[in-house]
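S.K.: Quick one: the structure is below, questions incoming.
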Amino acid sequence: MRRVVVTGMGAITPVGNDIDTMWANMLAGVNGVEKITSFDTSDLKVHLAGTVKNFEPEKYIEKRELRKLDIYCQYAIAAAQQAVDDSGILGNINEERFGVYIGAGIGGLHSFVNNVTALNEGGPRKVSPFFIPMMIGNIATGNVAIRFKAKGVSLSVMSACATGTHSIGEAFHAIKDGYADAIIAGGTEAVIAPLTIAGFQNMKALSTNENPETASRPFDKNRDGFVMGEGAGMLVLEEYEHAKARGAKIYAEFAGYGNTCDAHHVTAPDPEGAGLARAIKIAMAEAGTTDDDQLYINAHGTSTHLNDLTETMAFKSALGEKAYDANISSTKSMTGHLFGATGALEAIVCTLALKNGIIPPTIGYTEKDEECDLNYTPNKAVKRDVNVAASTNLGFGGHNACLIFKKFMED
């Protein structure tokens, strides 16, 4: 049995552009949601988003190369560089046993919009020759693989808001099944733009709350929709014996992955949460969890009425009475919803909760919803020495995914 561990992590987020800053801000309940200033929102009903602040791409990418990369790809490269540096894996792995699994829920939206505008205003000659490789959803995987000479298994998953979780889960199985010794895995997204806000607001999915402190309030009775976010999260997953042989530091063990589909509706989740419950059970069975485990769950927790209710039902269905013993939180209350990157960032949060014995909070929580009656760790971080952490995510199309991490124990 090949064990898989986490040996490196990196993040670009609305609450910090590195792991240490992001984690400190989450534990302090810092809110990354703010008024959008990068474009005029006066014609929109939504004026807030979880935006990345003070990002310095030149720290990771040569200036002359930046114009060839959509911002979603810049975020991916930056987070991947952090994770690789953190892991110390370069020079310690066979290039043909080193892979990249990075997904995006949408991809190079800004490049798409900018080049459509250029075409309409100036004709075909105004379309950038870099347009296609800037826009396509697999190019983050391609660019990261090129950067680190990762010549092994390579995959780009696209499953809406479950993308990051599926990318990491599929990478886990690839290592466990012997196809690679290490994989850079995660998700990235940068789609805060008038077009996407208009699309989501017209389907009544977004919060129209004008107060950043209460706009994203998962599981709260007065929640009224999700808040868009952006960023990237990357992990270096590595086969345990390989990591042990090179003396790598280990954050946590990756122990289980569940992947199901509701096959119910293009946007609404299964009203009883049955598909997600099955994904959780599959992941926990693979991980070999027991009723004695101390559990933290980083919930998808989007702050929409349907998601938070059905996710609560799924936890109860999968865990029974143990659902009431778990600490649950939605860090989307601080970051907003990062779409294809959200599951990757939340997997990182799970590993840090295990390693540090601290549960980050669900901020903005003021009024209990009688239908959402579990422990959502409201407003303040809690010290708890958990030994199992689960990350759950759902995506349009009925996609469900669950990752299980365990506190690392040597042989």
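S.K.: Residues in the stretch 298-316: is at least one modelled with pLDDT of 95 or more, touching a Lys or Arg at 6+ places or on another chain (Cβ under 9 Å), farther than 27 Å from Ile192 by Cα and open to solvent by 10 Å² or more (accessible area, probe 1.4 Å)?
M.R.: Within the stretch 298-316, none of the residues are modelled with pLDDT of 95 or more, touching a Lys or Arg at 6+ places or on another chain (Cβ under 9 Å), farther than 27 Å from Ile192 by Cα and open to solvent by 10 Å² or more (accessible area, probe 1.4 Å).
S.K.: Moving to a separate point now. Those residues that are among the acidic types (Asp, Glu) and out of contact with any Ser or Thr (no Cβ under 7 Å at 6 or more places or on another chain), I need them from the stretch 61-77; list them, please.
M.R.: Initial filter on the stretch 61-77 (among the acidic types (Asp, Glu)): 62, 65, 70.
Correct list: Glu62, Glu65.
S.K.: How about the stretch 322-411: which strands (runs of 3 or more DSSP E) wholly inside it have at least 2 residues that are under 21 Å from Tyr101 (Cβ atoms)?
M.R.: 388-395, 399-406
S.K.: Let me ask something else about it. So which pairs qualify, if the first residue must be in the stretch 204-216 and in contact (Cβ under 8 Å) with a residue 60 or more places away in the chain, the second must be surrounded by fewer than 19 Cβ atoms within 10 Å (Cβ to Cβ) and part of a loop (DSSP other than H, G, I, E, B), the Cβ gap must be under 7 Å, and the two must be at least 6 apart or on different chains?
M.R.: Ser207/Asp224; Thr208/Lys45; Thr208/Asp224; Asn209/Asp224; Glu210/His47
S.K.: Can I ask one more? If you go through the stretch 107-136, how many residues are outside any helix (DSSP H, G or I) and either over 28 Å from the mean Cα position of the chain (by Cα) or at pLDDT below 95 (or both)?
M.R.: The qualifying residues number 4.
S.K.: Considering only residues of the stretch 25-67 that are assigned to a helix (DSSP H, G or I) and charged (D, E, K, R), which is nearest to Ile132 (Cα to Cα)?
M.R.: Taking the candidates together, the pick is Glu65.
S.K.: Go through the residues of the stretch 236-256 one by one and say whether even a single one is out of contact with any Phe, Trp or Tyr (no Cβ under 9 Å at 6 or more places or on another chain), among the β-branched types (Val, Ile, Thr) and either over 17 Å from Leu345 (Cα atoms) or open to solvent by less than 10 Å² (accessible area, probe 1.4 Å) (or both).
M.R.: yes
S.K.: Tell me the residue from Thr351, Thr342, Thr392, Thr377 that is of a type in the set (S, T, N, Q), at pLDDT 95 or above and more than 16 Å from the chain's Cα centre (by Cα), please.
M.R.: Thr377
The values are calculated or read from the model by the stated rules, or taken from the named source; none is laboratory data. Here the structure is a predicted model, which means the values were calculated and not measured. Because the Cβ atoms are built from the backbone with ideal geometry, glycine has one as well, and the counts that use them run over all protein chains shown. Only protein heavy atoms, including side chains, enter the accessible area calculation; ligands, DNA and RNA are left aside. Shrake-Rupley method; radii C 1.70, N 1.55, O 1.52, S 1.80 Å.
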